[in-house]
Each structure stands twice: as C-alpha cells, then as structure tokens.
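As structure tokens, the structure follows; a few thoughts come after it.
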Amino acid sequence: MIDIHTHTFPDKIAKRAIDSLKAKSHTAAFTDGTVNGLMKSMRESGISCSVIQPVATNPNQVISINNSSININDEFDSTGILSFGAMHPDFEDYASELGRISENGIKGIKLHPVYQNAPIDDERYIRILECAGELGLCVMIHAGYDIGFPGNENAMPEKILRALKSSGNERVILAHMGGWRCWNESLELFSSTHVYIDTAFSLGAFTPSDDGYYSNEDECRMLCAEEFVRMIREFGAERVIFGSDSPWASQRESMMLMNGLPLSENEKRKIFSENALSILGLNA
C-alpha cells in the first residue's frame, strides 16, 4: 500500500506550520505534521510507503528542502517514507538543481502554483516542466482550487493543459483527481491524455476544524462515490494513484473510503500499489 501524496514539516516548525495552515484552510489535521507523526499514521493504516510532496513557497527554500528530501530518502529502509524534491518558478538555476535532484535518486518534484503565486502556464513553469521531462523526473502538480486560497485560479485545468502542451511533458501526476472542485473540467481535458491523477482530498467530505467557519455539511462535500468511480473508469485505473493529502485527511479513513468503492481487485491493486511502484522504481 503506497500513499503518493503526503506532507510533513521539520520538527522545529511543524506545530507552527500546522496551526497556520489550519487557520487558512479551516480544516482539521490528522497528524502533528512531523515524519514521526506520519510513521504513526502509516502503522495505524497499514500503509507500507508514503511519499512526501514538499512545497517551496519561496526560491530560497529549494536547496534546503531538497537536501532534506535526500536525507529522508536515505532512511527509507527504516521509515518507509520517500520524498519528492521541490522547485520554485523563481529559482534561477533550476536546470542545475533539477540535475542534482535526479543524480541523488529523487524520483520527482512538486509544484504548487497557488502557494507559489504564479499561473502554471507561466513560462517559468514551462521551462521547469521541460527540463524535468528531459531528466525523466515525475512532476506532481497541485491541480484545481486550493481550500486555503479561495478563488485562486493559478492551477486551473485549462492552464495545466496549456503548460503540458507547451512543455511536451506528460510524466505528470495531477493532484486531487486532476483539479480540486474542477472535476468536470479535469475529466473533459485530461482523460484522453497520458497524465496520472491522484485521489488525494477528493472523495466524500473533508473534515472541518472546530473554528465554526463551515456552517453546514454541504460546504465540506467533495466527490460522491458514483462520481469518483466514474472518473476512475474514464481515466483508467492504470492512471490513478492513491493519495491521502495527510495530514489534511486521515490515511486510514482515505483507504477505507477507497476500499468501499465498487472497484475490482485488479483496479484496486493498480491504484494502491502498482502505478506508484512504477513511478517510484520500486519492487513489490
């Protein structure tokens, strides 16, 4: 069982980061945001491998995040945790740093156009996508709206499609079923491409924090089971990867929701394991 989409923070800033993001998103957190917290969640959920998707919110963070990712990957045999690398559109020596990421065995990078305050079809992202594709790096892109930044359209599906066409790179995972709360557009634009989508923070309903921001259950609803299965069948299970978005969703509950869907054992095997194994270059 592999979770392709998780987040952690360095121990010394984890509490501050979690508190800040909870305040912005008005959603609950299900771990303390540390690697140890993620490991505890994995044990409780029966997940054997989690992949951290780090976000550089400014270019000065890129090198330190990638150094941390290298260290995390070195401990994989004892932790079961891997990390993608980070890149920012304003990082000047992007080609050299992407080369270093590849040389150190990191399998991909995470881009977050909302947190990084630039539209994904900006030329700065396109050059990163081109270079990553040349190096064989997978790119995880936050897709759709972001719950902490209402109305921000930097990662709309149509902009992502333009970026992919301009860069020629389709070795890409689009988070949140191809576009959080843009699922019809995702289905229309991406189902006929070769991109992967992940299941993170998209099925059922998200859990609000206790600050009272969300006044009714309808505001927290995401895709229902029928809609979710339809998307899986349209894309094909071979292009769907399980992700939880931990700590913003419970890994255990996310797995239970997925297991409750009317999918075949072969489809579940691809989504929970085989597709991610292929991307990560791991043996079953």
Inset, instruction - Within segment 99-106, identify whether any single residue is part of a helix (DSSP H, G or I) and open to solvent by 50 Å² or more (accessible area, probe 1.4 Å), and answer yes or no. - result: yes
Inset, instruction - Any chance you could count how many residues in segment 243-266 are among the aliphatic types (A, V, I, L, M) and open to solvent by 50 Å² or more (accessible area, probe 1.4 Å)? - result: 2
Legend entry - Residue count for segment 167-226, restricted to those that are at positive phi and modelled with pLDDT of 95 or more: 7
Inset, instruction - Report yes if some residue within segment 219-235 is assigned to a helix (DSSP H, G or I) and farther than 27 Å from Met256 by Cα; otherwise report no. - result: no
Legend entry - Flag if Val240 is out of contact with any Pro (no Cβ under 6 Å at 6 or more places or on another chain), open to solvent by less than 50 Å² (accessible area, probe 1.4 Å), at pLDDT 95 or above and more than 23 Å from Val51 (Cα to Cα): no
Inset, instruction - Starting from segment 267-280, take each residue that is closer than 20 Å to Val172 by Cβ and open to solvent by 30 Å² or more (accessible area, probe 1.4 Å) and list its partners that are in a helix (DSSP H, G or I) and of a type in the set (Lys, Arg), counting only C-beta distances under 9 angstrom and pairs at least six apart or across chains. - result: Lys270/Arg239
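The values are calculated or read from the model by the stated rules, or taken from the named source; none is laboratory data. For clarity, every value in this text was computed on a predicted model and none was experimentally measured. Note: ideal-geometry Cβ built from the backbone for every residue, glycine included; neighbour counts use all protein chains shown. Only protein heavy atoms, including side chains, enter the accessible area calculation; ligands, DNA and RNA are left aside. Shrake-Rupley method; radii C 1.70, N 1.55, O 1.52, S 1.80 Å.
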